[in-house]
């Protein structure tokens, strides 16, 4: 087991044993351990280096290709987290770091497993293409935030 996996397991164990922390705190801890170093505490990222998730996470989570993208990015697809932990983390991120789509459909461990089997190599181009399509679709339809 890698150091990152052991550290994540230890933190989850600590969270389950510490009286001030609850199961609801686990996704936030996972974000702190696995995502915050690059995407920052509030999801703002680092302009020119790491994209902010604040404005794009909601639209991506509401779109089938966007959901696939969120799971296939290398930091997610290659993380030591289980599919269930990734689903829980993504659901927490959508609810806490962005404006959640009106009818947000939670990520499931099965969905994560299905998408995670692929490795995305063209991260920036794929992200730009999906967001451009979402933006164009949203401009044409007031229901552009539904999962299609």
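The values are calculated or read from the model by the stated rules, or taken from the named source; none is laboratory data. These figures come from a predicted structure and were not determined experimentally. All Cβ positions, glycine included, derive from the backbone under ideal geometry; neighbour counts span all protein chains shown.
All told, residue 44 falls short of being surrounded by 16 or more Cβ atoms within 10 Å (Cβ to Cβ) and modelled with pLDDT of 85 or more.
Do we find that residue 8 is surrounded by 20 or more Cβ atoms within 10 Å (Cβ to Cβ), modelled with pLDDT of 90 or more, over 18 Å from residue 127 (Cβ atoms) and touching a helix residue (DSSP H, G or I) at 6+ places or on another chain (Cβ under 7 Å) in this structure?
In short, no.
In segment 102-129, what count of residues is obtained for those that are closer than 20 Å to residue 44 by Cβ and touching a residue at least 40 places away in the same chain (Cβ under 8 Å)? If you could, list the steps in order and put the result at the bottom.
Residues of segment 102-129 closer than 20 Å to residue 44 by Cβ: 123-124, 127-128.
Now drop any that are not touching a residue at least 40 places away in the same chain (Cβ under 8 Å), which leaves 123, 127.
Matching residues across segment 102-129 total 2.
Of the helices (runs of 4 or more DSSP H) entirely within segment 32-148, those holding at least 3 residues that are more than 12 Å from the chain's Cα centre (by Cα) occupy 109-116, 123-140. So residue 49 passes all but one of these: (1) over 19 Å from residue 138 (Cα atoms); (2) surrounded by fewer than 20 Cβ atoms within 10 Å (Cβ to Cβ); (3) touching a residue at least 12 places away in the same chain (Cβ under 8 Å). Which condition number does it fail? (3) is the only condition that residue 49 fails. Cβ-Cβ contacts under 8 Å between residues 6 or more apart (or on different chains), taken from a first residue in segment 69-81 that is under 13 Å from residue 126 (Cβ atoms) to a second residue that is part of a loop (DSSP other than H, G, I, E, B) and modelled with pLDDT under 90, are listed as 72/118; 72/119; 74/119; 77/118; 77/119.
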